[in-house]
1. For the chain, what is the calculated [θ] at 222 nm in deg cm²/dmol (nearest 500), taking -39500 (n - 2.57) for each run of four or more DSSP H residues and dividing by its residue count?
2. Against the longest principal axis of the chain, how steep is helix 28-40, in degrees 0 to 90 to the nearest 10, with axes from Cα atoms?
3. Ranking 51, 57 by Cβ neighbours within 10 Å, fewest first, what do you get?
4. Taking 8 Å as the Cα distance limit and 6 or more residues as the minimum spacing, I'd like the relative contact order of the chain as a percentage.
5. Exposure proxy check: 77, 28, 46 ranked by fewest other beta carbons within 10 Å?
6. Multiplying the sequence separation of residue 30 and residue 69 by 0.36 nm and subtracting their Cα-Cα distance, what value in nm do you get?
7. Here are some values of Rg and Dmax of the Cα atoms in Å: (i) 18.4, 59; (ii) 12.4, 41; (iii) 16.2, 55. Which one was computed from this structure?
């Protein structure tokens, strides 16, 4: 892959690992919509409306190429390969 080229995020990694965002969380569907909208716009993060925290998208974390062990909500590197 050429330098600077984006690696496409595999479809199965669009959903956060349940250890990072429990599917029973009251705002789960809304957070997934925010996440997908940010990816569609090419943004690397969205703002969690409940906390005001900046949340990196799985796409931006995937492009980084490794897990930083910070507990990111959408980390694609949680043993899902």
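1. Numbers: 2 runs with 20 residues, N = 81.
The helix contribution divided over the chain gives -7000 deg cm²/dmol.
2. 30 degrees
3. 51, 57
4. Relative contact order, the chain: 33 percent.
5. Listing 77, 28, 46 from fewest to most nearby Cβ atoms yields 28, 77, 46.
6. Values: separation 39, 0.36 × 39 = 14.04 nm, distance 2.51 nm.
Here the answer is 11.5 nm.
7. Correct label, based on the coordinates given: (ii).
No lab work stands behind these numbers, since they all come straight from the coordinates. Note that the structure is a prediction, hence the values are computed from the model and not measured. As a convention, Cβ positions derive from the backbone with ideal geometry for all residues, glycine included, and neighbour counts pool all protein chains shown.
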